[in-house]
1. Mind checking the dipole of the chain: about its Cα centre, +1 per Lys or Arg Cβ, -1 per Asp or Glu Cβ, Debye to the nearest 20?
2. With 10 angstrom as the radius, rank Ser271, Ser384 by how many other C-beta atoms surround their C-beta, starting from the fewest.
3. Using only Cα atoms, locate the centre of segment 307-386 and the centre of segment 202-274, then give the distance between them in Å, rounded to an integer.
4. Tabulate in residue order the Karplus-calculated ³J(HN,Hα) for segment 372-377, using 6.51 cos²θ - 1.76 cosθ + 1.60 with θ = phi - 60°, rounded to whole Hz; enter x for Gly and Pro.
5. What net charge is computed for the residues neighbouring Ser357, neighbours being all others with C-beta under 10 Å from the C-beta of Ser357, Lys and Arg scored +1, Asp and Glu -1?
6. Restricted to Cα positions, what overall size does segment 240-397 have along the principal axes? Three whole-Å values, descending.
7. Quick one: 3J(HN,Hα) in Hz for segment 47-53, Karplus 6.51/-1.76/1.60 with θ = phi - 60°, rounded, Gly and Pro as x.
8. Summing Lys, Arg as +1 and Asp, Glu as -1, what charge do residues with Cβ under 10 Å from the Cβ of Val159 carry, Val159 excluded?
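Every read-out reported here was derived from the displayed coordinates using simple, explicitly stated rules and does not represent laboratory data. Model, not experiment: these values are computed from the prediction. Don't worry about glycine lacking a Cβ; one is built from the backbone with ideal geometry, like all the others, and counts go over all protein chains shown.
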Amino acid sequence: MQIIDSIVVEAPRFRDIRRDLHAHPELCFEENRTSDTIAALLAEWGLQVHRGLGGTGVVAVINGSLGQGRSIGLRADIDALPVTEKNTFPHASTHQGKMHACGHDGHTAMLLAAAYHLSRHRDFAGRVVCIFQPAEEGGGGAREMIKDGLFDRFPVDAVFGMHNWPGIPAGHMALRAGPVMASSNEFHIVVRGKGSHAAMPHLGLDPVPVACQMVQAFQTILTRNKNPQDAAVISVTMIHAGEATNVVPDTAEVQGTVRTFTNEVLDMIESRMREVATHIAAAFGVQCDFALRRNYPPTINHVAETEFARKVMIELVGQDAVHRFEPSMGAEDFAYMLQARPGAYLIIGNGGGDHRSAGHGAGPCTLHNASYDFNDEIIPVGASYWVQLARRWLAQD
């Protein structure tokens with residue numbers, strides 16, 4: 001493993017920065033203290049700092065000392081989740097109901113460490129654009145930064161993002177070309193019947209069994225309408241109806257999520273869900289309102305940039321520590337950046353959870369879990385990777 005020595009020496013400083021961010025988590029588009037901390041450090045290191053993109057986003061530009069050349073974007077997400085932390089170690093969240101349960105504090109620390117190193121070793125041509133993005137957790141911060149002119153003001157030839165992944169050994173890395181994360185979409189169905197006394201259901205139109213029929217029928221879309229080789233998920237996660245045991249309600253609501261790796265499969269699923277819901281409702285003599293909201297598109301890595309990133313991984317951590325990432329049905333708004341520019345979304349192993357300090361929660365060290373904590377041991381690995389990737393990319397003809 002060829003980790004940069006000076007980054008290893010500075011690692012304790014960035015561990016402390018990471019833990020400070022962990023103790024003060026902020027939700028999407030509310031990352032004011034986080035942005036202030038990031039901007040102050042970048043300015044202290046003599047970098048061009050730009051704020052306000054996507055609301056609370058921060059961008060730093062590092063110009064090489066060898067003149068103009070190519071440009072590369074490196075992105076870290078900075079927001080936390082609405083989760084009540086179960087850890088009680090000293091750097092646990094000080095904000096009730098808010099937690100860095102996905103490691104964005106660590107992503108920020110790794111990119112800050114890389115920016116610090118590059119700010120002091122500018123012997124390259126071109127420029128590195130460090131993107132500290134807000135609101136990845138449901139707010140679409142990447143989309144909002146792009147709307148605010150991110151790539152118009154700071155054009156890059158390629159953009160890369162990195163996410164920690166529990167279960168992969170600490171310091172190992174993974175990626176693959178093509179789809180790596182699914183699209184995220186939400187459906188909301190209201191079945192409108194006619195309420196009655198539960199002892200006299202024949203006097204009303206009960207929406208509850210209609211909703212139940214829909215839930216069962218949706219799964220046949222996956223088994224009978226979708227090509228078996230295409231991945232997709234329809235998960236009904238909420239059913240709400242009624243307020244009393246002896247009253248047939250007027251309405252029943254069905255909500256959930258749809259995940260796909262292509263828009264074509266999503267188009268088919270949305271069309272079929274609408275048809276199934278509408279016709280089942282009609283068969284029972286009730287009305288149905290169907291809506292599907294498309295949130296994040298699928299995250300699709302570009303082939304050339306993925307292979308370039310893989311070579312840098314092998315140089316840094318060795319062939320045996322570079323893995324082929326299995327696509328996840330989770331979603332990631334870095335997808336918007338990959339729609340706007342070529343690039344790749346990378347994975348760095350966070351280990352199995354043994355790194356957690358005394359006082360961690362009883363739950364597993366998995367993403368979006370109240371007992372999770374980022375592994376500070378991988379900060380030098382991730383930062384060294386960012387530096388080597390940027391240098392290799394900018395050194396191309």
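1. 500
2. Details: Ser271 13, Ser384 24.
Ranking Ser271, Ser384 by Cβ neighbours within 10 Å, fewest first, gives Ser271, Ser384.
3. Distance between centres, Cα-based: 34 Å.
4. 6, 8, 5, 8, 5, 5
5. Charge balance in the 10 Å sphere: 0.
6. 67, 47, 23 Å, listed from the longest principal axis down.
7. Karplus-based 3J(HN,Hα) across segment 47-53 equals 9, 6, 10, 10, 10, x, 6 Hz.
8. Details: positive: Arg75, Arg341; negative: Asp157, Glu305.
Every neighbour counted, the sum reads 0.
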